[in-house]
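A short worksheet on the structure shown next.
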Amino acid sequence: MFNFSKLGIPVIQAPMAGGINNPRLASEVSNGGGVGSFGFSYSTPQKISTDLVATKALTNGPINANFFVFSPVALPAQAVQEKALKALKNFPIEGEYAVSIPQAPFYPDIEEQLKPVWEHCPEVLTFHFGIPSPSIIARAHSLGISVGMTATSLKEATAVEKAGADFIVAQGIEAGGHRGIFNPDEADEKLTAIELTKQVVRRCSIPIVAAGAIMDGADIANALRSGAIAAQLGTAFLCCDESGATPAHKEYLLTHHSRGSTFTRGFSGRPARGINNEFIRLMESKIFLPFPIQNTLTASLRQLGVKTNNGEYQSLWAGQDYARTRNLSTKNLMLALKEELLIALG
Ligand SMILES: Cc1cc2nc3c(=O)[nH]c(=O)nc-3n(C[C@H](O)[C@H](O)[C@H](O)COP(=O)(O)O)c2cc1C
């Protein structure tokens, strides 16, 4: 089982799908005493293999490979498809983009994605949106890989523990990116990371990693005081020199503070927190397809946003406290977090 207390600093750099994670970012975090992660959501086995090999060449420290647990999904009725298509047409953006209804398969085969994980054995394997099959958990354990899963409520945390996970990532409502809730159509308790951690500590006996708006060492100390063994920070790493966030994403994080962040299902079909922009506003009350079909449907528009450096049409995932994001090298951010944590812990 992965020993969090042996880390130089109890920090997991959050897995962040969408081109943000890369071997340089992950290895700098790992070399700085934390756990460097990859969000491999839609990645091909080849890409996963390349990233794991490249990172292992840069660090001997721990690495976390993270995957989405996709649920079976089908296209809705023709009338809904047409409304979802119409919703995405004629956005006021310069340049050409194409929208057409995606065809199955709508998401990658997790068994195929995991082959390079079994080969290269990162220290940690985590899952978002649900619980993987028992055989996946058993295989990881047989290879000495620790398994964690996101939970957004006590009910989900209890299910994660029962499934045999080694730790729980307690994701608060403040967290940036996709909400890990198992079923996004069920009522969401919207607990903060600290509230959830405190609830889970009382009822579960496996370690808890708190996630959501943890931006500095004092926040990490706060998470530890509430019972967490470590903190998972996403937004705090987005503006690091090594982060693959787009230039517009970094610019909005560092300067567009009055916009604030909000949840939208417009980009992917599942709720995710990002900086308010024109796309989110125009998608309010519009019809969208189920996750992850909507993600494929919006891909061409989002790619045009990136190509033309237009932040209004990119998914600018960010946690609630994104105004505190720092533009440092990953190495210096790790040093700063460590120093702040020591001060906060007295
Ligand atoms: C840009 C971005 C992408 C994310 N992608 C993933 C992902 O692929 N897998 C995952 O488990 N969590 C993902 N998350 C959520 C993080 O694991 C974590 O819950 C969140 O970053 C914590 O909140 P913070 O951003 O305020 O630190 C993402 C978060 C961000 C900001």
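The values are calculated or read from the model by the stated rules, or taken from the named source; none is laboratory data. Please read these numbers as outputs of a predicted model, since none were measured by experiment. Here Cβ is always computed from backbone atoms with ideal geometry, including for glycine, and neighbour counts include all displayed protein chains. Note: accessible area is taken over every heavy atom of the protein model, side chains too, but ligands, DNA and RNA are not part of it. Shrake-Rupley method; radii C 1.70, N 1.55, O 1.52, S 1.80 Å.
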*asked:* Condition first: farther than 21 Å from Ala318 by Cβ, open to solvent by 50 Å² or more (accessible area, probe 1.4 Å) and of a type outside the set (A, V, I, L, M, F, W, C). Now tell me which residues in the range 200-242 satisfy that.
replied: Arg202, Arg203, Ser205, Arg225
*Any idea which residue in the range 312-329 is nearest to the chain's Cα centre (by Cα), counting only those that are in a helix (DSSP H, G or I) and crowded, with 24+ Cβ neighbours inside 10 Å?*
Tyr322
*Single unsatisfied condition, Asn60 versus (1) surrounded by fewer than 18 Cβ atoms within 10 Å (Cβ to Cβ); (2) closer than 29 Å to Ser285 by Cα; (3) at pLDDT 95 or above; (4) in contact with a helix residue (DSSP H, G or I) (Cβ under 9 Å, 6 or more places away or on another chain)*: (2)
_Odd one out for Asn276 among (1) crowded, with 21+ Cβ neighbours inside 10 Å; (2) touching a Ser or Thr at 6+ places or on another chain (Cβ under 6 Å); (3) without any contact (Cβ under 8 Å) to a residue 24 or more places away in the chain_ = (1)
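So which of Glu156, Glu119 is more than 21 Å from Gln294 (Cβ to Cβ) and surrounded by fewer than 17 Cβ atoms within 10 Å (Cβ to Cβ)?
Every option except Glu119 fails the conditions.
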*Condition broken by Leu125, with the remaining ones in (1) buried (at least 24 other Cβ atoms within 10 Å of the Cβ); (2) hydrophobic (A, V, I, L, M, F, W, C); (3) farther than 29 Å from Phe263 by Cα satisfied*: (3)
*For the range 279-299, how many residues are within 15 Å of the ligand (Cβ to nearest atom) and either modelled with pLDDT under 95 or in a loop (DSSP other than H, G, I, E, B) (or both)?*
2
*asked:* Considering only the range 12-20, I want to know if a residue exists there that is within 16 Å of the ligand (Cβ to nearest atom) and farther than 25 Å from Gly274 by Cα.
replied: no
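Go through Gly172, Gly177 for me and flag whichever is open to solvent by less than 40 Å² (accessible area, probe 1.4 Å), closer than 29 Å to Thr264 by Cβ, near the ligand (Cβ under 10 Å from one of its atoms) and touching a Phe, Trp or Tyr at 6+ places or on another chain (Cβ under 8 Å).
Gly177
May I ask you to verify whether Lys89 is among the basic types (Lys, Arg), more than 16 Å from the ligand (Cβ to nearest atom) and closer than 21 Å to Ala228 by Cβ? Full working, then the answer.
Details: among the basic types (Lys, Arg): yes; more than 16 Å from the ligand (Cβ to nearest atom): yes; closer than 21 Å to Ala228 by Cβ: no.
So Lys89 does not fit the description; no.
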_Give me the residue from the range 257-278 that is outside any loop (DSSP other than H, G, I, E, B) and basic (Lys, Arg) and, out of that set, nearest to Gln314 (Cα to Cα)._
Arg273
_Of residues in the range 21-41 being assigned to a loop (DSSP other than H, G, I, E, B), open to solvent by less than 10 Å² (accessible area, probe 1.4 Å) and within 12 Å of the ligand (Cβ to nearest atom), the one farthest from Cys121 (Cα to Cα)_ = Ser41
*Thr59: in a loop (DSSP other than H, G, I, E, B), without any contact (Cβ under 8 Å) to a residue 40 or more places away in the chain and within 14 Å of Pro122 (Cβ to Cβ), yes or no?*
yes
*Tally of residues being in contact with a strand residue (DSSP E or B) (Cβ under 6 Å, 6 or more places away or on another chain) and open to solvent by 50 Å² or more (accessible area, probe 1.4 Å) across the range 243-273*: 2
